[in-house]
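Written below as structure tokens is the structure these notes are about.
Every number in this text was worked out from the coordinates using simple rules, so none of it is lab data. Just so it is clear, the model here is predicted, and its values are computed rather than measured. When we count neighbours, we look across all protein chains shown, and the Cβ atoms used for this are built from the backbone with ideal geometry, even at glycine.
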Amino acid sequence: MSQEVPEEFRLLCMLHNIGAIKLERSLSVQEICEWTAMETSSIELHLQKLVELGYVQPIEAEATGRYHLTPDGIRKVLSLYS
Amino acid sequence: MLTWEFPPRIVGGIARHCEGLAKALAHLGHEVHVFTLDFPGAPDYEEMNGVKVYRTVTELGHPNFLTWALLFNHFLEKRLGSVSQQVKFDVVHVHDWLSAPAGVSFKYGVKKPLVLTVHSTEIGRAQGLHTPDSRAIDGMEWWATYEANKVIVTSGSMKGEICGHFNLPDDKIRIIPNAIDSTNYHASIDRESIRRRYGIGSNEKLVLCVGRLVPQKGIEHLIHAVPNIVWRHPEAKIVIVGEGWLKGHLEYLARSSGHGWKIRFTGFLPDSEMIALMTSADVLVVPSIYEPFGIVALEGMAAGVPVVASYIGGLAEVVEHDRTGILVYSKNPESIAWGVDRVLSDPGHSHWLTENARKMIQKTYSWEGIAKKTLEVYKEVK
């Protein structure tokens with residue numbers, strides 16, 4: 001994968017590789033921070049964009065939001081690696 | 001069969017290739033087991049047209065792609081080991097480096113031959129080895145070709161690439177092309193209604209491009225060709241189907257071309273919609289700069305649309321210039337515009353091209369034929 005991949009898609013790939021591809025394996029922003037060593041503010045910004053694009057599904061039921069990839073998000077990641 | 005993508009986990013050509021080959025082998029009376037990764041909504045195990053499909057959950061993750069790939073191989077291997085307690089396998093067939101570690105372990109674990117299909121190479125996909133991970137993947141590709149008893153590639157171009165880059169002996173490699181199920185392309189469709197969905201009027205021409213939005217697909221060169229295409233054919237509109245990380249850049253290029261309103265990006269489309277759109281198009285452009293095979297050209301031919309493709313790699317073997325399609329210079333917008341004009345300006349010639357292409361596909365690119373050739377390779381290594 002090229003170095004030119006936008007930062008939000010790098011985050012999408014990392015979420016995929018960590019395993020956040022379904023509801024029961026969704027991750028909080030705090031957990032994503034710990035996995036990726038990215039700044040909280042950057043993660044929140046990128047997640048917002050990925051949610052808007054339909055690649056990430058937010059789970060709002062809990063006090064802190066959790067996130068996992070949608071099927072379109074998984075396909076997007078595969079398109080980056082193929 | 002080991003593969004990291006299998007329907008419905010489907011993006012590139014590997015999933016379609018594995019599905020077509022597995023079903024054709026099963027149809028010929030062989031027992032085929034496919035081990036792949038899970039996908040939301042898809043069952044852990046199912047039988048698809050006689051093919052047994054095992055979808056494995058990767059229970060451990062890591063942000064780094066390579067580390068993740070090695071982890072999912074562990075879980076593939078575990079599932080394979082478990083199933084092999086009940087099933088006696090004769091050969092393991094791995095597709096690309098991604099599932100090679102599990103395949104190689106299995107080869108030594110059960111002492112059965114390993115066949116590897118190389119669909120593309122890292123050095124080709126990335127147009128060089130620019131990162132440590134890229135170098136590691138290149139190394140794993142070499143290692144997989146070394147461990148395999150036989151290596152299958154889909155084109156003579158790919159054979160040349162891996163013989164040269166990995167120093168493989170010529171007699172270790174077999175060329176077996178991709179195939180398509182042309183019956184999928186015979187459905188009757190309401191052409192006008194589909195074209196309307198994508199904003200194509202009855203007097204307009206639909207120039208279609210289907211591919212992942214990544215540099216190797218050369219879509220920027222098609223966008224650079226648009227002013228020239230529109231100058232010759234003001235009624236032309238361009239529809240680009242696919243997803244990829246380059247999408248934002250390509251959309252920017254389209255807006256900057258001065259003809260942004262003539263270029264539409266659809267994103268990912270399901271197979272049925274993609275086939276309907278292909279069948280409704282006036283020309284399919286495949287402007288790739290690297291293409292080990294180029295199955296999209298075959299898909300266009302099966303759909304009966306004239307194909308304009310880059311004169312590179314596998315495309316140059318699939319398309320016979322001015323007989324089954326039009327070949328143009330890669331990375332050359334002028335040449336792409338010329339090819340599109342050649343098709344749109346002469347409907348009689350275009351029809352002749354599509355008729356020749358259909359006949360060629362039926363003769364050369366059926367899954368049954370490809371499955372029989374693959375069985376010959378299995379027999380060689382047994």
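Annotations
- Solution diffusion estimate, µm²/s, Stokes-Einstein, segment A:7-81, Kirkwood Rh from C-alpha pairs, 10 °C, viscosity 1.306 mPa s: 134
- Taking label positions 7 Å along the Cα-Cβ direction at both A:Lys49 and B:Trp231, the computed distance is 3.5 nm, reported to one decimal.
- Nearest-ten-degree value, helix B:367-381 long axis tilted from longest Cα axis of chain B: 30
- As a length-normalised measure over Cα pairs under 8 Å and 6 or more apart, the relative contact order of segment B:58-186 settles at 18 percent.
- For the segment A:68-80, counting C-beta atoms of other chains within 10 Å of every residue's C-beta and taking the mean gives 6.
- Distance violations [Cα-Cα > 22 Å] among B:Lys23/B:Lys363; B:Lys112/B:Lys372; B:Lys52/B:Lys150: B:Lys52/B:Lys150
- Normalised contact order of segment A:7-81, rounded percent, pairs of Cα under 8 Å and 6 or more residues apart: 38
- Chain B, relative contact order in percent, only Cα pairs under 8 angstrom and at least six apart counted: 14
- Here is the list for segment B:3-66: GluC sites (Glu not before Pro) lying in DSSP coil, each with at most 16 other C-beta atoms within 10 angstrom of its C-beta, are B:Glu31, B:Glu59.
- Structure-based [θ]222 nm, chain B - -39500 (n - 2.57) summed over DSSP H runs of at least 4, per residue, nearest 500: -14000 deg cm²/dmol
- Relative to the dominant Cα principal axis of chain A, helix A:7-18 is inclined by about 70°.
- A DSSP coil position with no more than 14 other Cβ atoms inside 10 Å describes the following GluC sites (Glu not before Pro) in segment A:6-50: A:Glu39.
- Max mean-square fluctuation residue, GNM over chain B, Cα-Cα springs under 10 Å, options B:Glu141, B:Glu273, B:Glu161: B:Glu273
- Across peptide B:132-139, the mean count of Cβ atoms from other chains lying within 10 Å of each residue's own Cβ comes to 1.
- For peptide B:238-246, the mean count of partner chain Cβ atoms within 10 Å of a residue's Cβ comes to 4.
- In segment B:281-382, one over the average inverse separation of all distinct C-alpha pairs is 14.1 Å, which is the Kirkwood hydrodynamic radius.
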